[in-house]
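Quick notes on the structure that follows.
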Amino acid sequence: MKPVYETLATAGQKTLTVTLLPEAWDHQCRDAYGTMVGRVKKADGTWEFDYSIFDEYVEFGRACGLGPDIACYTMCPWGYVVRWNDEDGKQHSVVAKPGTPEFKDYWGAFLVDFAKHLKEKGWFKDTFIAMDERSIEDVKEIGSFIRGLVPDMKVAMAGNRLPSAYGTTIDNFCMILGKKIDDAYLREAAERRAKGMTTTFYVCCGPLYPNTFMSSGPGEAFWLGAYPSMCGLDGFLRWAWNSWPQDPVKDATYGNWRAGDTFLVYPDGSPSLRFLELRNGIIASEKVRILKEQGLFKDELDKLAARFKPLEASQGKSNYVKLRTDTLNIVNK
């Protein structure tokens, strides 16, 4: 795993993703993702937690250069099914929807104990309870529940509405690329940055353009990496890094996903060309950010940024190669 993670670190990866329960995002790729936190419910109804795998993974990821953020998935798994073992090792499961007694029982004691453990490790300020694309009602309920027990615990989510629409503080918010990345979203991003919050964008199995599929055209991955500094966002998120099919060197397809959708690196740590192009865009984005801070090439950068149009790009109408060339011509002067 070390070469795989060290390759990711070369792109400035800021977040280490961990699991709080089995199959936090369902079984969407070939390998199932188990929990990094052991749970035992005792006969008297109290809970016991084992953080040994979680601790080892965070320490390993940080040693590889990932972080400092720790994104913990999730209090809203697919179907809200949660699992645990009893003292005899027998596995149990229940549907624990936000606001229900089952939800409060499963997550309440954990949040308090988890926060205590994180503070002992010195990781609390870097940790987020993370969520994927959930309803306003569920996000609001979960956010309220978390803050009621651990007021300073941070929340992160990927969504498809303005972050202000969710009725709770979302410290790290990520919007799907497309028409939702509009002036209102960028205004909120600026307001959130002034308050110390992070606002980004993402792609996954969609949109079709721009993306990092095996079939994606030249310049698309660069566009994704370069866009944040052009518009004032804080970064870019993509699933997935290393969710490999049976033999990714011979066949990059898995299930219903487009070829290459589930990985950007090979098992020996070798980067894909798609990743190298994405990383080049990220490097260019950092150069743009520095140039803006220094007040250099302002007119040229403003004109260039105006050509990075998310709706147009998501419809496959952008000239990604020309934008890449023009960006590099400015940042490499």
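Table for the structure above
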{"item": "Test set (1) assigned to a strand (DSSP E or B); (2) touching a residue at least 60 places away in the same chain (Cβ under 8 Å); (3) within 22 Å of the chain's Cα centre (by Cα) - residue 18 fails condition number", "result": "(2)"}
{"item": "Matching entry among 243, 285 (being within 25 Å of residue 34 (Cβ to Cβ) and either surrounded by 19 or more Cβ atoms within 10 Å (Cβ to Cβ) or under 22 Å from the mean Cα position of the chain (by Cα) (or both))", "result": "243"}
{"item": "Cβ-Cβ under 8 Å pairs, at least 6 apart or on other chains, segment 134-159 side modelled with pLDDT under 95 and outside any strand (DSSP E or B), far side surrounded by 20 or more Cβ atoms within 10 Å (Cβ to Cβ) and β-branched (Val, Ile, Thr)", "result": "134/142"}
{"item": "Checklist (1) more than 17 Å from residue 71 (Cβ to Cβ); (2) part of a strand (DSSP E or B) applied to residue 129, failing item", "result": "(1)"}
{"item": "Any chance residue 100 is of a type in the set (S, T, N, Q), in the same structural domain as residue 114 (by TED's automatic domain parsing) and touching a residue at least 24 places away in the same chain (Cβ under 8 Å)", "result": "no"}
{"item": "Single residue of segment 71-115 satisfying the filter (farther than 18 Å from residue 45 by Cβ and assigned to a strand (DSSP E or B)) that is farthest from the chain's Cα centre (by Cα)", "result": "95"}
{"item": "Output for segment 222-231, where each listed residue is within 17 Å of the chain's Cα centre (by Cα) and over 19 Å from residue 180 (Cβ atoms)", "result": "225"}
{"item": "Residues within segment 178-196 that are surrounded by fewer than 17 Cβ atoms within 10 Å (Cβ to Cβ) and either among the small types (Gly, Ala, Ser) or in a loop (DSSP other than H, G, I, E, B) (or both), tallied", "result": "7"}
{"item": "Per-region count, segment 140-162, residues over 28 Å from residue 122 (Cβ atoms) and within 19 Å of the chain's Cα centre (by Cα)", "result": "4"}
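The values are calculated or read from the model by the stated rules, or taken from the named source; none is laboratory data. If you're wondering where the values come from, they're calculated on a predicted model, not measured in any experiment. Every residue, glycine as well, gets a Cβ built from its backbone with ideal geometry; the counts of neighbours run over all protein chains shown.
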